[in-house]
Amino acid sequence: MAIFLTPRLRAVADEIAKLGCQDIVYDIGADHAYLAIHLVQSGLCAAVAATDISRPSLGRARRNAERHGVSGNIIFYAGDGFSAIPAYAPGKAVVIAGIGGKNLINIIDGGIEKARAASLLLLQPMSGQEDLRGWLFGNAFEIMYERLALEGGRVYNVLACRRADAPVPYAPEELYLGKRVLYVSDDEYRQFLRFTRLKVANRYGGLKAAGLIGDNIHSCGNIYMEAALLKNVLECIDERLQLLCDGKGNGEKA
């Protein structure tokens, strides 16, 4: 019986498929192990090392693997992040999906040498994308590209990353918009831009409503810089939305 994947997990699986058949993939924070089961069932890898900090979740994952006949191909580890894997092999693909950006940072930072030894890091943050991008750039990880996935009326990003030789320079707006975003249709990219614009506009509006920025207010340095960044991001988004409206397209088609 084939496992059903949500669009965001399907996008992760599609990136694994681009690598060709792998001997092992690491799935950190595997939850119900739906992705791990799919990777084995589809022949995208011979085995998955699946971790989760929650023992009840790991128990459900084991039962799901048994139900789908792949329990012999998935090794389950209880624990936090990379530290849960006792025999980590470098040069393999690592997936960390379905958690917030700040938790993702903590996991990578807690096992940074293992993360840097991965051939590919596939990260799917549920929130805090701008924090995650900034941390990756500053800690010498290259975001090669991002894929979009529409699910439940929301846009999710899958970041394909690898180790860089040095911290990666970036334009400030790339914290929110990414460096290279791949999308299937203009409508998908438009939804990504609108979703991001709403988040940025809410933050900018919150600073104004709190009386922290304005024409007659001398903001402190950090707040002034954040407000300027947010305003610049809003202008960039509006420019890209106008390009789509004009039928000129924007970004890169997947």
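The values are calculated or read from the model by the stated rules, or taken from the named source; none is laboratory data. Since we're looking at a predicted model, the values are computed, not measured. All Cβ positions, even for glycine, are placed from backbone atoms using ideal geometry, and neighbour counts span all protein chains on display. When the accessible area is computed, the model is the full protein with side chains, heavy atoms only, and any ligands, DNA or RNA have been set aside. Shrake-Rupley method; radii C 1.70, N 1.55, O 1.52, S 1.80 Å.
Rolling a 1.4 angstrom probe over the protein heavy atoms, how many square angstrom per residue are accessible across the stretch 1-133?
Working: 5420 Å² over 133 residues.
For the stretch 1-133, the solvent-accessible area averages 41 Å² per residue.
Highest GNM mean-square fluctuation among Q242, Q129, Q41, for the chain modelled with Cα contacts below 10 Å: Q242.
Once a ≥ b ≥ c are taken as the square roots of the eigenvalues of the Cα gyration tensor of the chain, is the result rounded (a/c under 1.5), prolate (a/b larger than b/c) or oblate (a/b not larger than b/c)? Let's see the in-between values first.
On the way: a/c = 2.12, a/b = 1.74, b/c = 1.22.
Prolate is the answer for the chain, as a/c is 1.5 or above and a/b outweighs b/c.
Between D165, D131, D31, the residue with the greatest mean-square fluctuation in the GNM of the chain (Cα pairs under 10 Å linked by springs) is D165.
Considering only the chain, what is the antiparallel percent among its DSSP beta bridges, to the nearest 5? Mind showing how you got there, number by number?
On the way: 13 of 38 bridges.
Antiparallel: roughly 35 percent of the beta bridges in the chain.
By how many nm would the segment from M126 to A17 grow when fully extended, if each residue of separation counts as 0.36 nm and the alpha-carbon distance is taken off? The span from M126 to A17 would gain 37.0 nm if fully extended. Within 14 Å, Cβ to Cβ, of L58, how many net charges do the neighbouring residues add up to if Lys/Arg are +1 and Asp/Glu are -1? Charge balance near L58 sits at -1. Annotation: lysines with alpha-carbon distance below 25 angstrom to K179 (same-chain offsets under eight excluded): K18, K92, K102, K114, K199, K231, K248, K253. The label-point distance for I112 and S185, in a model that sets each label 7 Å from Cα toward Cβ, rounds to 4.2 nm.
Taken one residue at a time, the phi angles of the stretch 182-189 give Karplus couplings (6.51, -1.76, 1.60, θ = phi - 60°) of 9, 9, 7, 9, 4, 5, 5, 5 Hz. Gly and Pro are set to x.
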